[in-house]
Structure formats: structure tokens, C-alpha cells
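All remarks here apply to the structure that follows.
The values are calculated or read from the model by the stated rules, or taken from the named source; none is laboratory data. All values reported here derive from a predicted model rather than from experimental measurement. Counting neighbours? That spans all protein chains shown, and the Cβs are built from the backbone with ideal geometry, glycine included.
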Ligand code: PLP
């Protein structure tokens, strides 16, 4: 019963059915929110022990230093050891910092603009134009950050196995204004795509016209598996070194969705030269990160296996929510051919593509029925989805019942907008 095969009468029936369903939905007076990928209160409860750690008598780091005092720009080595194992980065090349990886990405970009990297001909801001490749759909805050710095964005498609590497190769080969690209390699936001080792090997080795071309490898969901298949991220730093571009990759990560969002620990990892570059600028901005917070995280985790065990408890709470999204979308929309969506094996989002030209209408209809969705186009540079079809679904925060109601309402809006368009 694909919508394309319906004649005008059948479409008219579908439209009136969905209008009636939508009026019922509105009458329910819902207030539901699927906008941001926030951990639910139950997930935050998993780390409540942090609230009492490290405890009054426990403030010394492994090397005996007093975490209450200034110092230690690189962060506690015992925490770096845990995440070195999880992220596959040698300890000397991994720094533990403040509570937000987005802040580290911001600072890295600002330093690149103001100072350039070692092999930059000049600071990026002194270039006539700086451009970045942006896999789409992607993370809205990455795009907003570039926009705030006047960096022009060039979209490339994000596939299930990573960005469209042919398109990337063609674009960077002769265009020296392309200085970098974003990439969320494991369980991309919002598609859940996982960059394969093959794609990573090509990206890290391909010839680039800009000598200081950088991949901003934001591994925000490195350990956020939704199944027992705990995928390992491609080892981008080793691949880049093997491919002759040891300084091409900058790795970012945090515990925002491991412990407390906004009160966790963020990490920066890269080649020895880039780490030295990062520290040469960081030393003017900080005397050292919050080591008390880092120590309490060490006490909570114990070791890398402690992080994995905690992430399995997150999975137990999150996987049923992703199952609800899949279930409602396939039972309500499957038959009509009005949408496709991703089936992530990790991360925090599902990417839903509705009929071209209807995403903004779906979001508007949902709002009218009390269901808040991320604005249509948010996952594209400048907030503009050229096909007006993509909607990001964030299922982590609402309860299962609320999520189920919101997804059912969303399905009604998708069908109604599709029927409206087909009859327009
Ligand atoms: N990177 C990605 C891909 C994200 O999805 C998010 C949050 O949603 C962040 C970074 C934010 O990380 P942090 O809390 O460490 O700043």
C-alpha cells in the first residue's frame, strides 16, 4: 500500500483518516520532548556514587600529588590510562581536561584560527577563506561552531560506513581552502553510522591541497553500544601515521554520556606534535584541569572494564527505547513508503527521512500536538536541509510510555504531511 500506488480517492481517504487521528492526538494535550540527546534521570542515577566521591580523606592522585591544588596540565595519569585503553590512544598522547569536549573542539579551532598549526602557511584567520567538510546529516553544534567563526561549510554525504570518501578525496585534492572536516566515527550523530577501518584508512591517507588539513575525530559515542556487539572504533591515529600524515587527526571524547552530562571529563588525543601544539596554547588558558573531578571518576570506574560495565547498564536502559522507536516507525509507517530511518547499533539518535519537502511540516504538526522535535534541517550546515526531509529523533530522555506516545504521534504527523503533499 505504498502511498505512490494510491489513486486520488484512496489518498483522500488516507488524508481524512490521518486528519482525524491528528485531531485525536491534539485532544490528548500531550507535552513530550524528543529534541536533545540527554541521558535520562535513571541513567544519571547509575553514577550517583560520584556525588560522594572522592570523599573527605581522599584527595591524593596516584603520584601522591594533591588534587585540590593547581597543576598537572595533562590531567591525572590514572584516568588517562583508563581512557587510553578505551579510545586506543597511547597515554602520552591523551590529555584529560575539563568537563566538555565541545569546549576543547572550540578552543582547538580558535587556536587554529589565531595561530595555525605547525605546518600552516599562516594562521587560518589570515586565509582569504577557510572551509570545512561536514558529513550530513551531522551534529548541529559542530556546524554552529564553524558558523560562529566564519568557517564555510561544505556538506558531504554520511553513509553507513562513514563519510562519502570519494567526494572527500575529490574536494580536498585541489582546494587548499578546505582545512578540515568533522567526523563522529562511532555511532554518528544522528545516523548511528560507523566509520569503517577502510574508510578511515583512506581519509587519513588521501592527498590534501592544504598542508594542515585536519580531521576533527569526535568520538563522543566510542563506548555507547546498544547491543552486545561492542564495536571498536578504527584506530585513526595509527592509520594517519601509517598513511604518511601523522598530524592529520585530532581526537575528542568525554564522559558526558557515561557519568554526568556537563559534569564529566573530556579528552583530547592526537600525535605527539599536535599534543605539544595543544599544550603550548592551553598553558595560557589554564593552570590545570579540575583534578578532583578526575579523581572521583577514577574512583568510580576503577579501570577500563569498570567503564564498560557501566556502559552495559546504560545499554539496558537505552536499548528498549531504541526498540520502541523501531517498532512504532515500522508498524505505523512501514507499509506506506513514506519514510526511511536508521537502525543504530550505538549512540544516542535515530535519523528519520520523511517524504521530501515535508520535514518542516511534520515538525510543525508535531509541535501543534505537543510533541517537541529538533527543528527540521538542524542536522545540516546553516540549518538548511536541501531536501527538507530529515528529522533527528532523540529517544534517551523520555520514559518508555512517553516515548511510545511521542513516536506514535510523530508517525501520524509523518503520514498526514505525506498525504497532504501527495494531494497538493
Ligand atoms: N559531540 C557529539 C557528537 C555530541 O553528540 C555531543 C552531545 O550531544 C557532544 C560532542 C557534546 O559533548 P560534551 O558534553 O563533551 O561537550
The stretch 85-101: number of residues that are part of a helix (DSSP H, G or I) and touching a residue at least 60 places away in the same chain (Cβ under 8 Å):
6
Out of all the residues in the stretch 65-80, is one or more within 16 Å of the ligand (Cβ to nearest atom) and farther than 30 Å from residue 302 by Cα?
no
Filter the stretch 128-153 for residues that are free of Cβ contacts under 8 Å to residues at least 60 places away in the same chain and surrounded by fewer than 18 Cβ atoms within 10 Å (Cβ to Cβ); the one that is farthest from the ligand (Cβ to nearest atom) is 128
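Conditions (1) within 24 Å of residue 233 (Cα to Cα); (2) in contact with a strand residue (DSSP E or B) (Cβ under 9 Å, 6 or more places away or on another chain); (3) surrounded by 22 or more Cβ atoms within 10 Å (Cβ to Cβ); (4) modelled with pLDDT of 95 or more, marked per residue:
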residue	(1), (2), (3), (4)
299	no, no, no, yes
304	yes, no, no, yes
317	yes, no, no, yes
328	no, no, no, yes
337	no, no, no, no
340	no, yes, no, yes
346	yes, yes, yes, yes
Which one of the conditions (1) within 13 Å of the ligand (Cβ to nearest atom); (2) over 13 Å from the mean Cα position of the chain (by Cα) does residue 216 fail to meet, given that it meets all the rest?
(2)
Which ones in the stretch 84-103 are crowded, with 23+ Cβ neighbours inside 10 Å and within 13 Å of the ligand (Cβ to nearest atom)?
96, 97, 101
Residue 34 vs. criteria within 19 Å of residue 393 (Cβ to Cβ) and within 34 Å of the chain's Cα centre (by Cα):
yes
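Table: residues versus (1) assigned to a loop (DSSP other than H, G, I, E, B); (2) on the phi > 0 side of the Ramachandran plot.
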| residue | (1), (2) |
| --- | --- |
| 357 | yes, yes |
| 387 | yes, no |
| 408 | no, no |
| 418 | no, no |
In the stretch 235-268, anything assigned to a loop (DSSP other than H, G, I, E, B) and either out of contact with any helix residue (DSSP H, G or I) (no Cβ under 9 Å at 6 or more places or on another chain) or within 16 Å of the ligand (Cβ to nearest atom) (or both) is listed as 255, 256, 257, 258, 259, 260, 261, 262, 263, 264, 265
Restricting attention to the stretch 20-63, report how many residues are under 27 Å from residue 307 (Cβ atoms), within 16 Å of the ligand (Cβ to nearest atom) and in contact with a strand residue (DSSP E or B) (Cβ under 9 Å, 6 or more places away or on another chain).
1
